[in-house]
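Presented below is the structure to which this report refers.
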Ligand code: F6R
């Protein structure tokens, strides 16, 4: 079943160009360059007062990326919380709001409970799920499936990139409905989305150099991940992926928070993985990289050639990603982030498909 891969996780990382392509084909009208949801939703995005997102773990980080997309493309106010907090906090939810839950398995107990709470408050509910027969898929008022296929590796990879793909399509649809996204910008975004599977395939070709880099990462006791904008949740996701399969302590931070605490950790022994496509806030991230470099920190930059040239910094390594529309960068940048965690754990001899203490589906609270 693993084909010619050593682990399910490797197979699932490499499957991403295909499954993201399949998911895109489901939500995008390729001929007309626009997003087209296959089924009508039981609410109109233009009537929504607020979007409340809940999820756990990696699915929560997909939601955090989506917050940036819904706010910028659809000007829709978004609140997001991990499901285990949202459900017990019992936040006020008005009937003009939508609760969006995200789950690969569709069985995560806390996510299900927050969905049920939202329904009890009279909210519309929308679920982004990968298992179409799951409890969450059955109970939500509307479902937008991710078409990643069964995910076996405990660490979520292809489900995450498919969640991002679906969420970006939803944010584009919301932007059109709310009149905040021009037809021209929608076409540009769809053009960018269409290039994503190919760019992900290009990113998998960086595997050889990432494998070498992973040997360095494996020596670390702590690793810091930094990013701004949508790269901030990607930093959180990178840290989660590394810690869950390699057991190296890793933390993700908003790059701007560096000076508010984590900078105290920086010395030669702490690799700092900076996720920074050449976007509108790239310059700000460069200042943070300079702060790291000035303290002897070793930077691993995941960025593009333009950014690497503009930053002009000595890095321990640069993973040079293709040029792309920064809006779609999280989907493509998921690949090197996953490969770094994977190869670090494999090099350390860890069981990447069955990491200790973790279950694929968390149906207990
Ligand atoms: C991380 C991971 C977990 C899950 C989380 C939610 O790699 O796999 O953090 O993302 O347990 O699971 P689902 O998406 O099934 O609700």
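Here, each number is a calculation from the coordinates, and none is a lab measurement. These numbers were taken from a predicted model, which means no experiment stands behind them. Glycine gets a Cβ as well: all are built from the backbone with ideal geometry, and neighbour counts include every protein chain shown.
Here region 140-289 carries DSSP beta bridges of which approximately 0% are antiparallel, counting only pairs with both residues inside. Grab the DSSP H runs of the chain that are 4 residues or longer, score each as -39,500 (n - 2.57), total them, divide by all residues and round the 222 nm result to the nearest 500 deg cm²/dmol. -14500 deg cm²/dmol, from helical runs alone. At what distance in nm do the modelled label points of residue 287 and residue 183 sit from each other, each positioned 7 Å from its Cα along Cα→Cβ? Here the modelled spin labels are 4.1 nm apart. Compared with the dominant Cα axis of the chain, that is its longest principal axis, helix 231-246 is turned about 70°.
Look at 249, 260 and count the other Cβ atoms within 10 Å of each Cβ; fewest to most, that gives 260, 249. Size of region 1-134: Rg and Dmax of its alpha carbons, in Å, are 16.5, 51.
Taking the DSSP beta bridges in the chain as the whole, what percent of them are antiparallel, to the nearest 5?
Working: 2 of 43 bridges.
Here the share of antiparallel DSSP bridges comes out near 5 percent.
Label positions at residue 221 and residue 4, each projected 7 Å from the Cα along the C-beta direction, are separated by 4.2 nm. For the chain, the longest principal axis of the Cα atoms and the long axis of helix 57-74 meet at an angle of about 70 degrees.
With everything on Cα atoms, drop me the angle between helix 183-204 and the longest principal axis of the chain, reported from 0 to 90° to the nearest 10. Roughly 40 degrees, rounded to the nearest 10. Seen from all directions on average, the chain presents a Cα convex hull projection of 17.1 nm². Each part reduced to its alpha carbon centroid, region 78-97 and region 267-297 end up 34 Å apart.
Compute a Gaussian network model of the chain, connecting alpha carbons closer than 10 Å, and tell me which residue from 48, 164, 115 fluctuates the most. Of the options given, 48 has the highest mean-square fluctuation. Averaged over residues, the count of other Cβ atoms within 10 Å places the peptides 250-257, 310-317, 50-57 in the sequence 50-57, 250-257, 310-317, highest first. If you take the Cα centroid of region 159-201 and the Cα centroid of region 306-355, the two points sit 22 Å apart.
At a Förster radius of 51 Å, what calculated FRET efficiency corresponds to the Cβ-Cβ distance of residue 96 and residue 212, to the nearest 0.05? Taking R0 as 51 Å, the efficiency between residue 96 and residue 212 is 0.45. On full extension, the segment bounded by residue 152 and residue 71 gains 25.9 nm, given 0.36 nm per residue less the C-alpha separation. Sorting 329-339, 4-14 by their mean Cβ neighbour count within 10 Å, with the most densely packed peptide first, gives 329-339, 4-14.
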